[in-house]
1. In region 247-308, which chymotrypsin sites (Phe, Trp or Tyr not before Pro) fall in coil by DSSP and have 11 or fewer other Cβ atoms within 10 Å?
2. If you rank 263, 354 by how much accessible surface each has, with a 1.4 Å probe, what is the order from largest down?
3. Cut-off under 17 Å on the C-alpha distance; same-chain residues fewer than 8 positions from residue 291 excluded. Which aspartates and glutamates are left, in chain and number order?
4. Go ahead and collect, in residue order, the members of region 362-384 whose backbone nitrogen is under 20 Å from a label point 7 Å along the Cα-Cβ direction of residue 448.
5. Just by accessible area at a 1.4 angstrom probe, what is the order of 397, 477 from largest to smallest?
6. Evaluate E = 1/(1 + (r/R0)^6) for residue 469 and residue 260, where r is the Cβ-Cβ distance and R0 equals 41 Å; express this FRET efficiency to the nearest 0.05.
7. Would you please report the Å³ per residue occupied by the convex hull of the alpha carbon atoms in region 227-367?
8. Taking a ≥ b ≥ c as the square roots of the eigenvalues of the Cα gyration tensor of region 365-484, is the shape rounded (a/c under 1.5), prolate (a/b larger than b/c) or oblate?
Amino acid sequence: MLKQILIKLPRKLQKSDPLDSSGSDSGNHTSNSGNGVQCTNIGNSISSRLSVVKRVSSAVFPASIMVGVEAVEPYLSFTDVSILQKQSLFISKLNLCCEVSDFSDPDKTSAEQDLKHQTLIELVDFVSTGSAKFNEPAIAAMCKMCAVNLFRVFPPKYRSNSISGEVEDEEPMFDPSWSNLQLVYDLLLGFITYSSLDAKVAKKYVDHSFISRLLDLFDSEDPRERDCLKTILHRIYGKLMVHRPFVRKAVSNIIYRFVFETERHNGIAELLEIFGSIISGFAVPLKEEHKMFLWKALIPLHKPKLVGVYHQQLTFCVVQFIDKDPKLADSVIKGLLKYWPVTNSQKELMFISELEEVLEMTSMAEFLKIMVPLFRRIAFCLNSSHYQVAERTHLLWNNEHILNLVTHNRQVIFPLIFPALERNSENHWNQAVLNLTQSIKKMLCEMDEELVLACRQKMEEENSQSSEATEKRKLIWERLETAANVIPPA
């Protein structure tokens with residue numbers, strides 16, 4: 001009974017017949033035969049090597065974008081295939097490069113590594129010629145290949161073991177697989193900067209997860225990799241504008257973790273270099289979000305011991321902010337005074353240099369808000385026993401803008417710094433500092449001799465009062481000691 005029912009059911013049509021002329025598109029079409037899928041090119045006779053094609057794995061692309069996409073055998077050269085098949089070969093080669101090579105074992109056969117290296121070179125050349133077409137399958141394949149090869153967790157042996165002190169003089173560590181990594185970075189950069197790339201499609205695959213893992217790579221100890229990442233992230237920020245807020249937030253989080261938790265990260269300088277360019281493009285007036293980045297991220301970056309590694313880039317970012325909004329100078333100088341080093345002379349020299357650049361861009365109105373605490377700190381630096389700190393502080397007076405600010409506010413500033421100059425004249429051990437001190441005292445006298453005399457008189461009065469207080473205190477202690485000696489024992 002069951003057999004009779006099955007016989008009556010219609011049989012499935014065979015697919016061995018090719019598409020008719022009304023259903024073809026004058027391009028390539030496929031037919032399934034036995035063990036594989038055969039590719040035929042209408043009107044052209046091609047090499048037998050091109051007859052074998054294989055369907056791109058669904059593990060590479062989502063099924064929704066895989067319809068009709070075929071990949072030519074990846075071992076062929078782009079010169080050996082027709083124009084219509086180059087795009088399929090491009091995707092096949094990307095798929096082939098998803099195999100990660102192990103460079104840590106020198107005894108491992110290099111045949112696979114050589115094949116992958118040569119394939120990557122072919123892909124870079126193909127993209128650089130402008131022949132590639134980044135449709136959705138190609139974009140997905142490119143992003144997957146880059147993710148497989150680049151995104152990795154750095155082993156502990158690649159991280160610095162030093163907890164304190166500067167690491168600027170340490171020898172950089174180079175990744176043994178850089179020969180392939182560099183080609184992958186070149187491909188990614190060529191993909192991001194491709195003139196005909198559709199940003200609407202690209203943003204689906206270069207998404208927040210992709211960018212977040214790309215930012216994680218900035219902790220690489222290989223400076224060549226960080227340099228490539230710097231260029232690529234900058235291009236992503238410029239090309240995919242929808243991701244700009246996420247990039248700023250993610251970089252802020254990296255800085256927060258570095259400043260307040262670990263104080264260990266290899267790529268802060270590169271990230272700040274990118275942000276220096278980004279800040280210069282901010283619209284005026286600045287958004288509150290951007291000001292918060294200055295207050296919560298950039299200014300606290302002065303705190304870590306390793307500030308010397310990235311101080312140049314940090315100063316550039318701070319100056320860019322003040323250039324956009326001069327009213328921020330007050331906040332920046334207050335931040336410098338808050339994190340001013342006390343025992344680290346090299347760090348203090350950096351702060352003085354940055355302070356000079358900030359003061360050059362400070363208006364009179366903002367200067368009035370911070371001149372008292374600022375010149376109290378400068379007075380301490382003038383008296384520094386480290387001759388480089390003292391010398392560098394004296395040289396601030398050679399800056400015309402700073403000298404102009406001091407001149408207009410000399411009634412407040414002279415009393416703050418004159419005692420420090422007098423102490424230098426009497427006690428400082430370095431002859432160069434003594435000469436600079438005499439030069440500044442002469443300059444102040446030429447600027448306002450009466451005020452200098454008043455400051456000297458006030459200082460003498462304070463010294464006299466201090467001496468009297470010292471003598472009085474000494475007398476009290478002597479009386480206490482005498483009283484203690486005459487008390488009979490219990």
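The values are calculated or read from the model by the stated rules, or taken from the named source; none is laboratory data. No experiment lies behind these values; they were computed from the predicted model shown. Neighbour counts are summed over all protein chains in view; Cβ atoms, including those assigned to glycine, are modelled from backbone coordinates with ideal geometry. SASA here: full protein model, heavy atoms, side chains in, ligands and nucleic acids out. Shrake-Rupley method; radii C 1.70, N 1.55, O 1.52, S 1.80 Å.
1. none
2. Highest to lowest solvent-accessible surface, that is 263, 354.
3. Leaving aside aspartates and glutamates fewer than 8 places away in the same chain, those within reach of residue 291 are 323, 325, 330, 366.
4. 363-380
5. Accessible-area ranking of 397, 477, largest first: 477, 397.
6. Between residue 469 and residue 260 the formula returns 0.40.
7. Measuring per residue, one finds 104 Å³ for the Cα hull of region 227-367.
8. Taking the square roots of the gyration eigenvalues as a ≥ b ≥ c, region 365-484 is prolate.
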